[in-house]
């Protein structure tokens, strides 16, 4: 009976929010390629932001802001898609 009680306590503790968050973070940290993907995404977002700022600047026009957001999205996705190819080519030449 004591073994059943200890088992039940262990199950309840495994479903606490802190344990669940810790478990998810551990799984994410051990995901292969996550670091490279995060870096590629950050570079893509940064490039998109710079492209938008270059196009829109400090304009108050709603049309330019909407167009700038579209440009930001296009540039960010384009750069993000091109980054893995550049890294593979760079590794092959070494």
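Taken together, the values in this text are just the output of simple stated rules run on the coordinates, not laboratory data. These numbers come from a predicted model, not from an experiment. Cβ coordinates were reconstructed from backbone atoms using ideal geometry, including for glycine residues, and neighbour counts include every protein chain displayed.
Which one of the conditions (1) loosely packed, with under 10 Cβ neighbours inside 10 Å; (2) assigned to a helix (DSSP H, G or I) does residue 81 fail to meet, given that it meets all the rest?
Condition not satisfied by residue 81: (1).
Scan the range 27-49 residue by residue and report those that are touching a residue at least 12 places away in the same chain (Cβ under 8 Å) and surrounded by 13 or more Cβ atoms within 10 Å (Cβ to Cβ).
Correct list: 40, 41, 43, 44, 45, 47, 48, 49.
Could you count how many residues in the range 54-64 are surrounded by 14 or more Cβ atoms within 10 Å (Cβ to Cβ) and closer than 19 Å to residue 44 by Cα? Steps first, please.
To start, the set of residues in the range 54-64 that are surrounded by 14 or more Cβ atoms within 10 Å (Cβ to Cβ) comprises 55-56, 64.
Going one step further and asking which of them are closer than 19 Å to residue 44 by Cα, we end up with 55-56.
Within the range 54-64, residues that are surrounded by 14 or more Cβ atoms within 10 Å (Cβ to Cβ) and closer than 19 Å to residue 44 by Cα number 2.
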